[in-house]
Every structure is written in structure tokens, then in C-alpha cells.
């Protein structure tokens with residue numbers, strides 16, 4: 001994912017499509033109010049549907065907060081499989097507001113990404 005302001009590919013946290021450095025700069029100088037929130041798709045493409053089906057058989061999870069909320073996709077893998085996770089993230093990046101996060105739990109290191117809650121995942125959550 002490239003930053004919308006500096007156009008550099010950085011493996012750090014992204015906020016609203018901006019790397020954390022550009023996002024903090026824009027907030028500091030009160031330019032953040034002019035940033036439009038990216039429009040999230042309301043349905044999945046055929047490719048996304050096929051990948052989602054495969055993720056549900058493996059390391060993917062659909063979760064929902066409350067009875068009336070929309071579902072979100074969570075994918076978590078070992079850092080050994082980070083390149084595979086990068087491919088999955090690139091397929092669902094329109095639904096994500098931040099990039100891949102790396103977490104250390106004890107002696108194990110995991111990487112994951114979460115999508116925003118979307119009505120596009122509700123059909124698959126209810127199956």
C-alpha cells in the first residue's frame with residue numbers, strides 16, 4: 001500500500017490511506033479535515049469471494065459485534081507466511097483502514113489484518 005501523500009511504500013501503520021508520518025503531519029497543520037474517507041465497496045468481486053471461501057477453510061475468520069452490526073474479516077498467520085498474507089491483504093485492501101500488523105505473543109510472532117465492518121461479509125457470516 002502506498003501513502004496517498006508521499007507515495008512511498010512503507011511497511012508501517014496506515015491511517016485513511018496515509019502513512020503514520022504524513023497523517024500526523026496533516027493533523028498537526030489542521031489539514032486532516034479535508035481528507036475524504038475512502039468509499040468502501042458494498043459487494044465482493046468474484047475473486048474476493050473465492051479467496052474468502054478459501055480463507056474460511058484456513059486462517060480466516062468472520063466476526064460480528066452485536067446482532068445488528070456488520071461482519072468483518074480477520075486473517076492471522078505466522079510471520080513465516082507474511083508474503084501469503086500480503087497477497088490476501090492486497091485482495092481485500094479496499095475494505096481495510098490500516099495495513100498488516102505484527103504481534104508478538106510469547107515466543108511466537110504473528111501478523112494479521114482486519115477489514116472494516118461491511119455488509120458485503122454478512123452473507124458469508126450467516127452461512
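Rundown of residues vs (1) over 11 Å from residue 113 (Cα atoms); (2) in contact (Cβ under 8 Å) with a residue 12 or more places away in the chain, yes/no style:
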position	(1), (2)
56	yes, yes
62	yes, yes
68	yes, no
73	no, yes
97	no, yes
Q: Sort out which residues of the range 75-89 are within 25 Å of residue 18 (Cβ to Cβ) and free of Cβ contacts under 8 Å to residues at least 24 places away in the same chain, and write them in order of number.
A: 83, 86, 87
Q.
Among the residues in the range 14-32, are any touching a residue at least 24 places away in the same chain (Cβ under 8 Å) and either in a helix (DSSP H, G or I) or in contact with a strand residue (DSSP E or B) (Cβ under 9 Å, 6 or more places away or on another chain) (or both)?
A. no
Q: Quick one: residue 67 ticks every box in (1) loosely packed, with under 14 Cβ neighbours inside 10 Å; (2) within 17 Å of residue 43 (Cα to Cα) except a single one, so which number is it?
A: (2)
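Rule-based calculations on the coordinates, nothing more; no lab input. This structure is a prediction, so every number in the text was calculated from the model and none was measured. Every residue, glycine among them, receives a Cβ derived from its backbone with ideal geometry; neighbour counts consider all protein chains shown.
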